[in-house]
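J.: One structure, as structure tokens, below. Some questions next.
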Amino acid sequence: MSYKQRLIELGKQNKLILRLLFYYYCYLNKDLTPPQLFNYVGGEEFLRLGKGYFDLIKNHGGVKPDHKILDIGCGIGRVALHFIDYLDENGRYNGFDIVKYGPKWCNYKIARKYPGFAFRYVDIYNKEYNKNGTLNADDFIFPYKSNSFNFAFATSVFTHMLPDAVSHYLKQIQRVLVSDGIFLGSFFILNPESEKNMPHSRFNFKLVNKHYGVINKENLEEAIAYQESYLNKIFIASGFSVISPILYGGWSGRQGLVGGQDIILLKKTPER
Ligand SMILES: C[S@@+](CC[C@H](N)C(=O)[O-])C[C@H]1O[C@@H](n2cnc3c(N)ncnc32)[C@H](O)[C@@H]1O
């Protein structure tokens with residue numbers, strides 16, 4: 001048996017060991033991009049997609065280098081890593097996620113070296129991402145002080161969360177934002193235009209009730225789309241107003257202004 005064949009055989013017998021070695025190698029090298037093997041957030045183009053969201057947050061959302069930023073459902077730092085060179089010494093970046101591996105990677109690769117960054121794991125149940133989670137998204141209190149962030153965002157997160165959880169998260173976001181704070185969220189929005197196009201796309205959502213639709217009725221949280229009118233209601237009920245225009249994405253096959261999901265910018269409504 002050749003040297004190469006012996007290595008392949010060894011690899012087959014010791015898959016776990018090789019995986020562990022690879023895992024430690026990835027942690028120890030300087031690369032901030034996780035290898036495809038650990039990239040559970042989807043999308044092979046990790047850097048391009050993350051940079052796309054970063055550009056939207058900066059150019060459309062108006063985030064500034066000295067802002068305090070909250071990344072809800074931060075994953076494995078696909079967006080966070082673009083803020084490393086952007087934030088100044090007054091800026092701060094917090095993120096949390098329900099898949100343990102994500103914040104762990106972000107803390108090791110980013111927060112350990114850059115003190116303005118911190119990431120947390122929270123053990124919330126989600127059928128798609130954390131089947132053994134012990135907490136409910138519907139009543140989870142964000143572990144941050146009220147009025148402590150200028151900007152919050154959730155990219156490709158509410159597209160995996162059910163209505164009560166989305167409503168509750170919006171109220172939490174409203175609580176932690178300062179009085180003129182901004183939230184940027186990505187959604188699959190159902191309206192006449194997307195409904196006309198989506199039967200021909202890979203996202204052909206089927207309505208569960210009049211508020212939302214899903215791709216897979218066995219696993220609702222695989223992908224969820226919301227009726228635009230329903231979103232507008234819960235935004236107002238959570239203390240937000242929509243900043244126009246909504247940037248509709250090309251997910252349904254429509255001619256989108258942005259690549260994938262629809263982007264909504266919300267402003268915290270001043271308290272009366
Ligand atoms: C498609 S990934 C996007 C990750 C990241 N926002 C990005 O753009 O790279 C969806 C993320 O939402 C997270 N997630 C799902 N439900 C959540 C919840 N209730 N609270 C926080 N994060 C959640 C998942 O763990 C996963 O990391």
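Nothing in this text is a laboratory measurement; each read-out follows from the coordinates by a stated rule. Everything numeric here is computed off the predicted structure, so don't read it as measured data. Please note: Cβ atoms are built from the backbone with ideal geometry, for glycine as well, and neighbour counts cover all protein chains shown.
J.: With everything on Cα atoms, drop me the angle between helix 15-28 and the longest principal axis of the chain, reported from 0 to 90° to the nearest 10.
T.: Its long axis makes an angle of about 60 degrees.
J.: Another question, then. So, counting K/R as plus one and D/E as minus one, what does the shell of residues with Cβ under 14 Å around ALA137 add up to?
T.: Details: positive: LYS127, LYS131, LYS171; negative: ASP97, ASP123, GLU128, ASP138, ASP139, ASP164, GLU221.
Local net charge: -4.
J.: Counting residues in region 32-172 as N, plug N into 2.2 N^0.38 Å and put the Cα Rg over that result.
T.: Details: Rg = 14.3 Å, N = 141, 2.2 N^0.38 = 14.4 Å.
Dividing the Cα Rg of region 32-172 by 2.2 N^0.38 Å gives 0.99.
J.: Against the longest alpha carbon principal axis of the chain, how many degrees, from 0 to 90 and to the nearest 10, is the axis of helix 228-237 turned?
T.: The two axes meet at around 80 degrees.
J.: In degrees from 0 to 90, rounded to the nearest 10, what is the angle of the helix 163-176 Cα long axis to the longest principal axis of the chain?
T.: 80
J.: State which stretch of the chain is the longest one without any exposed GluC sites (Glu not before Pro), exposure meaning a DSSP loop state and at most 10 other Cβ atoms within 10 Å.
T.: On the way: sites that count: GLU44, GLU45, GLU89, GLU218, GLU271.
Here the longest segment lacking exposed loop sites spans 90-217.
J.: Now for a different question. If a/c stays under 1.5 just call it rounded; otherwise compare a/b with b/c (prolate if a/b is bigger, oblate if not). Do that for region 152-223, with a ≥ b ≥ c from the square roots of the Cα gyration tensor eigenvalues. Provide the component values of the computation, followed by the final result.
T.: On the way: a/c = 2.57, a/b = 1.89, b/c = 1.36.
Prolate.
J.: Further question on the same structure: Hey, got a sec? Which trypsin sites (Lys or Arg not before Pro) in region 93-131 land in a DSSP loop and have at most 12 other Cβ atoms within 10 Å?
T.: Listed in order of number, the matching sites are LYS100, ARG112, LYS113, LYS131.
J.: Count the net charge of all other residues whose Cβ sits under 12 Å from the Cβ of ARG254, scoring Lys and Arg as +1 and Asp and Glu as -1. Don't skip to the answer; put the middle values down first.
T.: Working: positive: LYS196; negative: GLU193, GLU195, ASP262.
So the environment of ARG254 carries a net charge of -2.
J.: Relative contact order for region 46-268: what is it in percent, counting Cα pairs under 8 Å that are at least 6 residues apart?
T.: Details: 453 pairs, mean separation 36.5, N = 223.
So the answer I get is 16 percent.
J.: Just to be sure I understand: of the beta bridges DSSP finds with both ends in the chain, what percent are antiparallel, rounded to 5?
T.: Numbers: 17 of 39 bridges.
Expressed as a percentage, antiparallel bridges in the chain total about 45.
J.: Mind checking region 148-236 for trypsin sites (Lys or Arg not before Pro) that DSSP puts in a loop (not H, G, I, E or B) and that have at most 13 other Cβ atoms within 10 Å? Display every interim value, and only then the final one.
T.: On the way: sites: LYS171, ARG175, LYS196, ARG202, LYS206, LYS210, LYS217, LYS233; in loops: ARG202, LYS210, LYS217.
Answer in residue order: ARG202, LYS210, LYS217.
J.: With each run of n ≥ 4 DSSP H residues scored as -39500 (n - 2.57), what mean residue ellipticity at 222 nm is computed for the chain after dividing by its residue count and rounding to the nearest 500 deg cm²/dmol?
T.: Details: 7 runs with 71 residues, N = 272.
Roughly -7500 deg cm²/dmol at 222 nm, from the helical runs in the chain.
J.: At q = 0.11, 0.17 Å⁻¹, what is the base-10 log of I(q)/I(0) for region 46-268 according to the Debye formula with one equal point scatterer per Cα and no solvent? Please give it to two decimals.
T.: Evaluating at q = 0.11, 0.17 Å⁻¹ gives log10 I(q)/I(0) of -0.51, -1.30.
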